[in-house]
Amino acid sequence: MFGDTVRRVLEALEAARAAGDAARVVEAAHAAKGTGMMMGAVPFAEICGQVEEAARAGDLATARALRASR
């Protein structure tokens, strides 16, 4: 269940990033962060939080690099 949820959220995150839609990247990263925290996947949630912050700043290149680091 967690794997399927994460996969869907990460697909949404990548689609938003590919479209250059920082607002959607923020939303997807925030959702992924919450899912990770609820499941105790703290390192995953921390990376998602960094992606969220980068996207809020309009830095989709950093958001992509952080996403690739997973």
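The values are calculated or read from the model by the stated rules, or taken from the named source; none is laboratory data. All values derive from a computational prediction rather than experimental measurement. Keep in mind that these areas ignore ligands, DNA and RNA; they rest on the heavy atoms of the full protein, side chains included. Shrake-Rupley method; radii C 1.70, N 1.55, O 1.52, S 1.80 Å.
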Check: When the chain is modelled as a GNM with alpha-carbon springs shorter than 10 Å, which of A12, A55, A32 fluctuates the most?
Finding: A12
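With the other protein chains left in place, how much accessible area per residue, in square angstrom, belongs to the chain at a 1.4 angstrom probe? Write down the numbers at each step before the final one.
Details: 4130 Å² over 70 residues.
That works out to 59 Å² for each residue.
For the chain, what does the alpha-carbon gyration tensor say about shape, rounded, prolate or oblate, given a ≥ b ≥ c as the root eigenvalues, a/c under 1.5 as rounded, and a/b over b/c as prolate? Please report the intermediate quantities before stating the final value.
Numbers: a/c = 1.93, a/b = 1.50, b/c = 1.29.
Note, shape of the chain comes out prolate.
How high is the relative contact order of the chain, in percent, counting Cα pairs under 8 Å that sit 6 or more residues apart? All intermediate terms of the calculation are to be shown ahead of the outcome.
Working: 77 pairs, mean separation 19.3, N = 70.
Once divided by the residue count of the chain, the mean separation gives 28 percent.
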